[in-house]
Amino acid sequence: MNSKRLIFLIMSTFLLSLPLAAQQIREIAMPGLPDVAMATYDQFGPVIYYNPQIMRQVPPALARFFRLHEHGHHALNHIRREYFDANPYNRAWVRQQYEKEADCFAARRLTPLERRQVIAFFVNMQGPNRPDWYHPTGYERAMVIENCR
Ligand SMILES: [Zn+2]
């Protein structure tokens, strides 16, 4: 590999990683977490906890989508630190609109192929259902991901 190509590779890798790296949000594996991932704060600042077993079981496009979704909650300031002083698992901040905004944040960062795979997951695996009261239905999430460009 010549040096020009090497420099191009290093620069493009750096630039591609910049949007996430700039936020300096740690991702910490938490076996047994009762959800695929969650955005929260700990004593060191913003953090994303994820369930490593679930992340291993879902297709790579979906794992990437879930990570980006949680980064979206931090980037869009959906979470305010004071909610977590007493209980880091507090989900009181979660609203369906926030979920859709975080889905949109993630969808914009997927490749077209990844986007199709994530849409297929929500249509086929959740459809008209929602996993809990604060998440949109699978159909609603598929629509958001489809329309976010
Ligand atoms: Zn969310």
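Where a number appears in this text, it was derived from the coordinates with a stated rule and is not lab data. Quick caveat: nothing in here was measured; it's all calculated off a predicted structure. Note that each Cβ is placed from the backbone with ideal geometry, even for glycine, and that neighbours are counted across all protein chains shown.
Look at Glu70, Glu27 and count the other Cβ atoms within 10 Å of each Cβ; fewest to most, that gives Glu27, Glu70.
Averaged over residues, the count of other Cβ atoms within 10 Å places the peptides 31-37, 105-111, 126-132 in the sequence 105-111, 31-37, 126-132, highest first. For segment 46-62, backbone nitrogen atoms closer than 17 Å to the point 7 Å from Ala29 Cα along Cα-to-C-beta are found at 48-60.
Neighbour counts of C-beta atoms inside 10 Å place Tyr41, Tyr50 in the sequence Tyr41, Tyr50, starting with the fewest.
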